[in-house]
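Enquirer: My questions all concern the structure below.
The values are calculated or read from the model by the stated rules, or taken from the named source; none is laboratory data. Given the structure is predicted, the values throughout are model-derived calculations rather than measurements. Cβ: placed from backbone, ideal geometry, glycine included. Neighbour counts: every protein chain shown. Each accessible area value is taken on the protein alone, full model and side chains, heavy atoms only, with ligands, DNA and RNA left out. Shrake-Rupley method; radii C 1.70, N 1.55, O 1.52, S 1.80 Å.
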Amino acid sequence: MTGELLWTRDLVAEYGSVIPQWYAGQCVLADGEDVILAPAGTEALLCRVNARTGEERWRTPNPGLAMSHSSVLKCALDGEETYVYVGIGGVAGIGMDGTLRWLNTEWAPPVAAPSPVALSGNRLFLSAGYGYGGAVLEVRDGEARVIQRWKANKGLSSEQQTAIVRDGIIFGIMPKDAGASRQKMLACDAASDTLCVLAESPPDVRFGLGPYLLIGERFYIVDDDGVLYTMAFEGNAFAVTARHKVLPGHDSWGPMAYADGFLIVRDATRMTCLDLRQRGLTAGGE
């Protein structure tokens, strides 16, 4: 906890990674004493590294995917814990021992930023921007297949941020090419094959590409102009409860971080730490 550099790994030099357009956007997955990385290069698709020493535990041979902006998800699928990675070229499932369990190339967007989202029944929600839309992928008996797929103007999708599931409902902010629902937050039935829409955020608010978190009973959303919104979802309806200008708003798309009442937000030029307790924006407040 001193800030001393313990180790580094060069994904380009060691694993043959190719930095994607708009640079790397992947978040490291912490799993016990280790971290999971997706170099998606010529030498490895995934690797497991000890977080304290940097020692590599295992690496997964790459079946042909390239690095995306998506991050690795750990979830239970088809009876076992699985690491899921959406790369450029497809979706892969990797076991806890680093063995490739399955590969699906039906879902192969040219740009992939949102991470996969675990649904019930061995299913995953997948989304991508630039008109690609959304899909439900099911893993069963060692095989992964897309069982439903739609364009952004026909169902839940996302261009940059990852959707949130809570109490059987999946929430996400729609991309700019989603027609009348563009840049609104949708609440959808996570158990239905098509993720049917239950509610939309108010029509006078458009959030853009910014990040969002669910803290307690409130959504915290930063829009493209650096305005922080708090929004409630009750009785299958959304209501904006507060809004505050917190950033200049130059590409305010970076993920937020929350701990012990403090919220970190950032754009391309500034990072700000907000004390939600002092500003009256606590998880249950206005």
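Enquirer: Name, by its number, the condition in (1) polar (S, T, N, Q); (2) open to solvent by 20 Å² or more (accessible area, probe 1.4 Å); (3) touching a residue at least 40 places away in the same chain (Cβ under 8 Å) that does not hold for THR2.
Expert: Only one criterion is unmet by THR2, namely (3).
Enquirer: Something else now. Taking region 199-248 on its own, how many of its residues are part of a loop (DSSP other than H, G, I, E, B) and charged (D, E, K, R)?
Expert: So the count comes out to 6.
Enquirer: So SER120 clears everything in (1) more than 24 Å from LEU65 (Cβ to Cβ); (2) small (Gly, Ala, Ser); (3) in contact (Cβ under 8 Å) with a residue 40 or more places away in the chain; (4) open to solvent by less than 10 Å² (accessible area, probe 1.4 Å) except one condition, right? Which one?
Expert: For SER120, the exception is condition (4).
Enquirer: Can you tell me which residues in region 84-109 are among the small types (Gly, Ala, Ser) and not in a strand (DSSP E or B)? Steps first, answer last, please.
Expert: Going through region 84-109, the residues among the small types (Gly, Ala, Ser) turn out to be 87, 89-90, 92-93, 95, 98, 108.
GLY89, GLY95, GLY98, ALA108, listed by residue number.
Enquirer: What residue, of LEU263, LEU195, LEU209, LEU276, is of a type outside the set (Val, Ile, Thr) and in contact with a Ser or Thr (Cβ under 7 Å, 6 or more places away or on another chain)?
Expert: Only one candidate passes the filter, namely LEU276.
Enquirer: What number of residues in region 63-95 are free of Cβ contacts under 8 Å to residues at least 40 places away in the same chain and open to solvent by less than 40 Å² (accessible area, probe 1.4 Å)?
Expert: So the answer is 4.
Enquirer: Checking LEU103 against (1) surrounded by fewer than 20 Cβ atoms within 10 Å (Cβ to Cβ); (2) touching a Ser or Thr at 6+ places or on another chain (Cβ under 9 Å); (3) of a type in the set (A, V, I, L, M, F, W, C), which single condition isn't satisfied?
Expert: (2)
Enquirer: Quick test of your reading of the structure: THR230 fulfils all but one of (1) closer than 25 Å to TYR130 by Cβ; (2) over 19 Å from the mean Cα position of the chain (by Cα). Name the failing condition by number.
Expert: If we test THR230 against (1) closer than 25 Å to TYR130 by Cβ; (2) over 19 Å from the mean Cα position of the chain (by Cα), just (1) comes out false.
Enquirer: Please verify whether LEU281 is more than 29 Å from GLY168 (Cβ to Cβ), open to solvent by less than 20 Å² (accessible area, probe 1.4 Å) and at pLDDT below 95, treating the condition exactly as stated. Outline the logic, then answer.
Expert: On the way: more than 29 Å from GLY168 (Cβ to Cβ): no; open to solvent by less than 20 Å² (accessible area, probe 1.4 Å): yes; at pLDDT below 95: yes.
Against the criterion (more than 29 Å from GLY168 (Cβ to Cβ), open to solvent by less than 20 Å² (accessible area, probe 1.4 Å) and at pLDDT below 95), LEU281 does not qualify.
Enquirer: Quick one: count up the residues across region 249-274 that are open to solvent by less than 80 Å² (accessible area, probe 1.4 Å) and part of a strand (DSSP E or B).
Expert: 8
Enquirer: Could you tell me whether region 10-21 includes any residue that is closer than 23 Å to GLY129 by Cα, crowded, with 18+ Cβ neighbours inside 10 Å and within 18 Å of the chain's Cα centre (by Cα)?
Expert: Filtering region 10-21 down to residues closer than 23 Å to GLY129 by Cα leaves 17-21.
Filter once more, keeping what is crowded, with 18+ Cβ neighbours inside 10 Å: 17, 20.
Applying the additional criterion that residues be within 18 Å of the chain's Cα centre (by Cα) yields 20.
Looking for residues that are closer than 23 Å to GLY129 by Cα, crowded, with 18+ Cβ neighbours inside 10 Å and within 18 Å of the chain's Cα centre (by Cα), one finds at least one in region 10-21, hence yes.
Enquirer: Within the set of pairs 6+ apart or on separate chains, which have a first residue in region 102-113 that is among the basic types (Lys, Arg), a second that is open to solvent by less than 40 Å² (accessible area, probe 1.4 Å) and outside any loop (DSSP other than H, G, I, E, B), and C-beta atoms under 8 Å apart?
Expert: If the second residue must be open to solvent by less than 40 Å² (accessible area, probe 1.4 Å) and outside any loop (DSSP other than H, G, I, E, B), no pairs are left.
Enquirer: Please count how many residues of region 159-169 are in a loop (DSSP other than H, G, I, E, B) and either open to solvent by 20 Å² or more (accessible area, probe 1.4 Å) or more than 18 Å from SER192 (Cα to Cα) (or both). Walk me through it before giving the result.
Expert: Applying the first criterion (in a loop (DSSP other than H, G, I, E, B)) to region 159-169 yields 159-163, 167-168.
Within this subset, residues satisfying the condition of being either open to solvent by 20 Å² or more (accessible area, probe 1.4 Å) or more than 18 Å from SER192 (Cα to Cα) (or both) are 159-162, 167-168.
Qualifying residue count for the region: 6.
Enquirer: Let me ask something else about it. For region 193-238, which positions are buried (at least 16 other Cβ atoms within 10 Å of the Cβ) and polar (S, T, N, Q)?
Expert: Within region 193-238, THR194, SER201, THR230 qualify.
Enquirer: For the condition of a type outside the set (Val, Ile, Thr) and modelled with pLDDT of 95 or more, what is the one hit in LEU5, LEU45? Spell out how you get there, then give the answer.
Expert: Details: LEU5 fails: modelled with pLDDT of 95 or more.
Going through LEU5, LEU45 in turn, the sole match is LEU45.
Enquirer: In region 174-188, which residues are outside any loop (DSSP other than H, G, I, E, B) and either open to solvent by less than 50 Å² (accessible area, probe 1.4 Å) or in contact (Cβ under 8 Å) with a residue 60 or more places away in the chain (or both)?
Expert: Across region 174-188, the qualifying residues are GLY179, SER181, MET185, LEU186, ALA187, CYS188.
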